[in-house]
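What follows is a short report on a single structure.
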Amino acid sequence: MTGVFTWNLVADVQEMWSLAFMVNAYRAGTVVAVLAALVGWFMVLRGQSFAGHTLAVVGFPGAAAAVWLGLGAALGYYAFCLAAAVVIAVLPAAGGRGYREESAVTGTVQAFALAAGTVFVALYHGFLGGTNALLFGTFLGITARQVAILAAVAVVVLAALAAIGRPLLFASIDVDVARANGVPVRALAVGFLLLLGATAAEVSQITGALLVFALLVLPPATAQLVTVRPVASLALSLALGLATVWVALFVAYYSPYPIGFWLTTIGFGGYALTFAGTRVRSRLGFRAPVTA
Amino acid sequence: MFSQPFMQHALLAGTAVALAAGLVGYFLVLRAQVFTADALSHVAFTGALAALAAGFDARLGLFAVTIFVALGMGTLGRRGRLDDVVIGGVFAWILGLGVLFLTLFTTRRSAGNGAASVAVLFGSILGLSASRAVVTAVIALAISAAIVAMARPLLFASIDENVAAARGVPVRLLGFGFLALVGATAAESTQVVGALLILGLLAAPAGAASRLTTRPLHALALSAGIAVASVWIGLAASYAVPQLTPSFAILAVVTAAYLGAMAASRPRRRYAAPTA
């Protein structure tokens, strides 16, 4: 972006927010950060990063197909991400062979979806500029209507997450004990993947299909390094997610480099510093948080 | 079809890469490390764009960066649940760097706009020159030979690491060697099916093969066979129907093979013991 940076930060923010599209970018970014931080926290806890990444990537062919059919990218993101969530949840279970099968199925779904995406992009002759925007995201063209849809879906997903939160936490920490206590482990797993799919679809619209992962994994991973207490770590994850998005939007506005680069770099920087910090603390003999 | 030089190059490079991907992929699925390959294929994307932005040949950056990161992940690994997150975090950031290099590259050379990234991401098998096809094939065959050479101890180490270590198998060394091979395969396959689509060639044939047989060496051979056959059928299909991109045709065949294997192995489970 081309804003002129001065060291008067308050004036900078005022100047940035005088533009309607930046205000919308901040609104959308906030919605997405809250959602990604909370759903991502469970994803990291359950060790489902690969599934999360796949669901994120699947948004790309969805968007490409929807644009080609003239339906608007948002519909494509939601439809494909939710459909892929169902496939990943149901297929390995039918084989009953656990993680090996799951990782093979997940990888296949991801690669096939991307390949389908290339076909849709080729059919829709919009080609290069469009592809890079779908993959790497743009925060420039967000309309007020899009923000409203994002917020509505986010409210639904968060309500569902709140409803299943406690049993899901139980099932994520110890599947066997949870099952023995009558928690519907299988249904929770499918339900959670659907929520993850909806979240990935939301975040993709801002960060692009390839970079969703930064918001889904980095703030929760950092938070879980700092504390093992679920509520504290959820809150920290939320705060980190918001800080990452807000700072990244601010920096991206005043620099020539893309939002995706700043989002991932700020998120990863926080993670790397925290990782190093916990190492140093445990070396020095402070009480180290349990990391595994 | 075979009289066209570009099809000959595509078949040569495609066959060799599929062979390597089928062999490496079997061990990836066995060791449940498909996510690592996913991450490395994205690393390959960044490596290629970094080399382009710096003005080198894409190939150099590809191999150097991918193998380096593969070995780096090896040193961070072996920490249970953390693995997943470390891989995810590292590669989210590496993708971000890829976007940066893409921007640098496209702004520096206004003529070469986004086409480079699309080629790196989705492959350009029909655009290979004769020399590139030969180099690609030679590297892929070297990877395949390395995998076959270490297949037995690697199999042992993958199935029961502790027993293998107790029997004097160099488990750690094998792990690193295997990661380097995965990195090389990811870098290599980028030429053929693209950085984003390698995953299908690695995961689907192996998944299908391990559905069809539980005998490891049979499954290994079957996985390579399915991968090679898929590339051939896919290339033929995309030659017959020009609207199909070769990357899509190949992946469609691989996915169909996996689904077919799932369907075929389902009824058997009814009377087979539920051990597997």
*Filter pass, residue B:23 being surrounded by fewer than 24 Cβ atoms within 10 Å (Cβ to Cβ), more than 27 Å from residue A:270 (Cα to Cα) and modelled with pLDDT of 75 or more*: no
*Within the range A:240-264, track down each residue that is outside any helix (DSSP H, G or I) and more than 9 Å from every other protein chain (Cβ to nearest Cβ).*
A:254, A:255
_Members of the range A:216-239 that are outside any helix (DSSP H, G or I) and under 26 Å from residue A:57 (Cβ atoms)_ = none
*Extreme residue, modelled with the highest pLDDT, among residues of the range A:68-100 that are closer than 17 Å to residue A:49 by Cα and within 7 Å of chain B (Cβ to nearest Cβ)*: A:100
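Residues checked against (1) over 25 Å from residue A:263 (Cβ atoms); (2) at pLDDT below 80; (3) of a type outside the set (Ser, Thr, Tyr):
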site	(1), (2), (3)
B:99	no, yes, yes
B:105	no, yes, yes
B:108	no, yes, yes
B:126	yes, yes, yes
B:151	yes, no, yes
B:155	yes, no, yes
B:161	yes, yes, yes
B:164	yes, no, yes
B:177	yes, no, yes
*How many of the residues in the range B:1-24 are more than 21 Å from the chain's Cα centre (by Cα) and either under 24 Å from residue B:209 (Cβ atoms) or not aliphatic (A, V, I, L, M) (or both)?*
6
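Table: residues versus (1) farther than 21 Å from residue B:155 by Cα; (2) more than 11 Å from chain A (Cβ to nearest Cβ); (3) surrounded by fewer than 24 Cβ atoms within 10 Å (Cβ to Cβ).
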residue: B:192; (1), (2), (3): yes, yes, no
residue: B:208; (1), (2), (3): no, no, no
residue: B:224; (1), (2), (3): no, yes, no
residue: B:233; (1), (2), (3): yes, yes, yes
*Assess whether residue A:183 counts as being of a type outside the set (Phe, Trp, Tyr) and either within 25 Å of residue A:149 (Cα to Cα) or in a helix (DSSP H, G or I) (or both).*
no
*Does any residue of the range A:183-194 turn out to be charged (D, E, K, R) and either farther than 24 Å from residue A:63 by Cβ or exposed (fewer than 15 other Cβ atoms within 10 Å of the Cβ) (or both)?*
yes
*Matching residues, the range B:251-264, being at the interface with chain A (Cβ under 8 Å from one of its Cβ atoms) and touching a residue at least 24 places away in the same chain (Cβ under 8 Å)*: B:251, B:254, B:255, B:258, B:262
*Of the residues in the range A:107-122, how many are in contact with a Ser or Thr (Cβ under 9 Å, 6 or more places away or on another chain) and facing another protein chain (nearest Cβ under 7 Å)?*
10
*Condition met for residue B:167 (under 27 Å from residue B:64 (Cα atoms) and of a type in the set (Lys, Arg))*: no
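The values are calculated or read from the model by the stated rules, or taken from the named source; none is laboratory data. What you see is a predicted model; the values in this text were computed from it and never measured. Virtual Cβ from ideal backbone geometry, glycine too; neighbours counted across all protein chains shown.
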